[in-house]
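Q: If you scroll down you'll find the structure; I have some questions about it.
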Amino acid sequence: LKADFVIANPPFNDSDWSGELLRKDGRWKYGIPPASNANYAWIQHFIYHLSDDGIAAFIMANGSLSAGGKEGEIRKKIIEEGIVDCIIALPNKMFYTTQIPACIWVIDKNKENGRFRSRKWETLFIDAREIYTPVSRNQNEFSEEQIKKIADVYRSYRGEEGYPEYKDEKGFCKVATIEEIREQDYVLTPGRYVGIADVEEDLELFEEKMERLT
């Protein structure tokens with residue numbers, strides 16, 4: 001199968017995936033994933049099954065963004081191919097089955113095919129950890145409005161018709177070049193790139209504020 005679109009939510013950090021039996025698998029273009037963790041087997045599996053113009057979006061454990069060793073070497077090669085289009089850091093408590101913080105990878109096999117603006121050596125980082133709607137003590141979700149906020153930033157970054165010109169927003173989104181990612185030793189954690197949002201200065205005197213709040 002060569003797919004134009006892949007959307008997936010594979011199991012996180014799976015150590016029981018028979019990795020030792022798949023050392024010579026043809027999908028491992030960027031390197032043999034460690035038998036102790038299937039994250040980079042899944043990532044390479046999705047990339048392998050994309051068409052030349054294919055796009056994949058999949059959920060991964062946050063560890064995939066910064067893991068070293070074999071995984072770090074594989075990530076470096078994937079980044080150097082210029083196909084990592086967007087990384088989105090998700091809030092905690094988004095899943096019923098795990099509390100592990102997660103992220104979304106968006107892979108675009110051909111960022112220069114004319115569908116949108118050329119983004120070959122750029123990656124959009126979105127830190128959406130603080131954008132969520134609590135539904136219970138142990139569960140958060142995105143509202144339709146919050147999904148639209150994140151999706152619209154990605155569409156603006158791609159240069160889609162009908163969306164405003166993209167602008168970096170401190171603490172939320174940033175377009176980084178391949179040079180900036182190299183400087184970060186190929187770590188893809190959005191927080192490293194977007195920075196910290198500006199905090200509005202509180203000019204009210206402490207005594208007056210305390211009295212008002214009391």
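Q: Restricting the calculation to Cα positions, tell me the Rg (one decimal) and the Dmax (whole number) of the chain in Å.
A: In Å, with Rg to one decimal and Dmax whole: 19.4, 70.
Q: Counting Lys +1, Arg +1, Asp -1, Glu -1, what net charge surrounds THR214 among other residues with beta carbon under 14 Å of its beta carbon?
A: On the way: positive: LYS209, ARG212; negative: GLU204, GLU207, GLU208, GLU211.
Once positives and negatives cancel, what remains is -2.
Q: Under the rule of at least 5 residues apart or a separate chain, name every residue whose amide H is placed under 5 Å from the amide H of ALA3.
A: Correct list: LEU50, SER51.
Q: Put +1 on the Cβ of every Lys and Arg and -1 on every Asp and Glu Cβ in the range 122-214; which of GLY195, ASN138, THR123 then has its Cα farthest towards the positive end of the dipole?
A: Towards the positive end, the residue furthest out is ASN138.
Q: Compute the signed sum of charges (Lys and Arg +1, Asp and Glu -1) over the other residues within less than 13 Å, Cβ to Cβ, of ILE32. Walk me through the numbers before you get to the answer.
A: Values: positive: ARG23, LYS24, ARG27, LYS29, LYS70, LYS77; negative: GLU20, ASP25, GLU71, GLU73.
In short, +2.
Q: From the phi of every residue in the range 51-66, what ³J(HN,Hα) in whole Hz does the Karplus formula 6.51 cos²θ - 1.76 cosθ + 1.60 yield, where θ is phi - 60° and glycine or proline is x?
A: The phi angles translate into 6, 4, 10, x, 10, 10, 10, 8, 8, 9, 5, 4, x, 5, 7, 9 Hz.
Q: Would you mind getting the accessible area per residue of the chain, heavy atoms of the protein chains only, 1.4 Å probe, in Å²?
A: On the way: 12430 Å² over 214 residues.
Each residue of the chain exposes 58 Å² on average to a 1.4 Å probe.
Q: Cα-Cα over 27 Å: which of LYS2/LYS174; LYS109/LYS149; LYS76/LYS148? Walk me through the numbers before you get to the answer.
A: Details: LYS2/LYS174 31 Å; LYS109/LYS149 25 Å; LYS76/LYS148 31 Å.
From the list (LYS2/LYS174; LYS109/LYS149; LYS76/LYS148), the Cα-Cα distance tops 27 Å for LYS2/LYS174; LYS76/LYS148.
Q: In whole Hz and in residue order, list the ³J(HN,Hα) couplings for the range 125-142 that follow from phi through the Karplus curve 6.51 cos²θ - 1.76 cosθ + 1.60, θ = phi - 60°; x for Gly and Pro.
A: Coupling constants for the range 125-142: 10, 10, 9, 9, 5, 9, 10, 6, 10, x, 10, 6, 4, 10, 9, 10, 8, 8 Hz.
Q: Let's see if you can work this out: charge +1 on each Lys and Arg Cβ, -1 on each Asp and Glu Cβ, no other charges. What is the dipole magnitude of the range 80-123 about its Cα centre, in debye to the nearest 20?
A: On the way: 7 positive and 6 negative charges, 38 e Å.
Dipole magnitude for the range 80-123 comes out near 180 debye.
Q: Out of the DSSP beta bridges found with both residues in the chain, what percent are antiparallel (nearest 5)? Provide the component values of the computation, followed by the final result.
A: Working: 21 of 30 bridges.
Within the chain, antiparallel bridges account for around 70 percent of the total.
Q: Which of the lysines could a cross-linker span from LYS70 if the Cα-Cα distance has to be under 22 Å and same-chain partners fewer than 8 positions apart are dropped?
A: The reachable lysines, counting only those whose Cα sits under 22 Å from LYS70, are LYS24, LYS29.
Q: For the chain, build the charge dipole from Cβ charges (+1 Lys, Arg; -1 Asp, Glu) around the Cα centre, then report which of TYR157, ILE79, ASN92 sits farthest towards its positive end.
A: The one lying farthest along the dipole's positive direction is ILE79.
Q: Now, a different point. Could you tell me which of ILE147, TYR48, ILE178 has its Cα farthest along the dipole of the chain towards the positive end, charges placed at Cβ (Lys, Arg +1; Asp, Glu -1), taken about the Cα centre?
A: Result: TYR48, furthest along the dipole toward the positive end.
Q: Right, another one. By a straight-distance test (C-alpha under 18 Å), which aspartates and glutamates pair with LYS93 as possible cross-link partners, with residues fewer than eight away in the same chain excluded?
A: Counting by Cα, and skipping residues close in sequence, LYS93 has these aspartates and glutamates nearby: ASP127, GLU130, GLU141, GLU144.
Q: Go ahead and estimate [θ] at 222 nm for the chain from helices alone: -39,500 (n - 2.57) per DSSP H run with n ≥ 4, summed, over the residue count, rounded to 500.
A: Details: 6 runs with 55 residues, N = 214.
The helix-only estimate for the chain comes to -7500 deg cm²/dmol at 222 nm.
The values are calculated or read from the model by the stated rules, or taken from the named source; none is laboratory data. Just so we're clear, the structure is a prediction, and the values are computed from it rather than from any experiment. Neighbour counts are summed over all protein chains in view; Cβ atoms, including those assigned to glycine, are modelled from backbone coordinates with ideal geometry. To get the accessible areas, we keep the full protein, side chains included, count just its heavy atoms, and leave off ligands, DNA and RNA. Shrake-Rupley method; radii C 1.70, N 1.55, O 1.52, S 1.80 Å.
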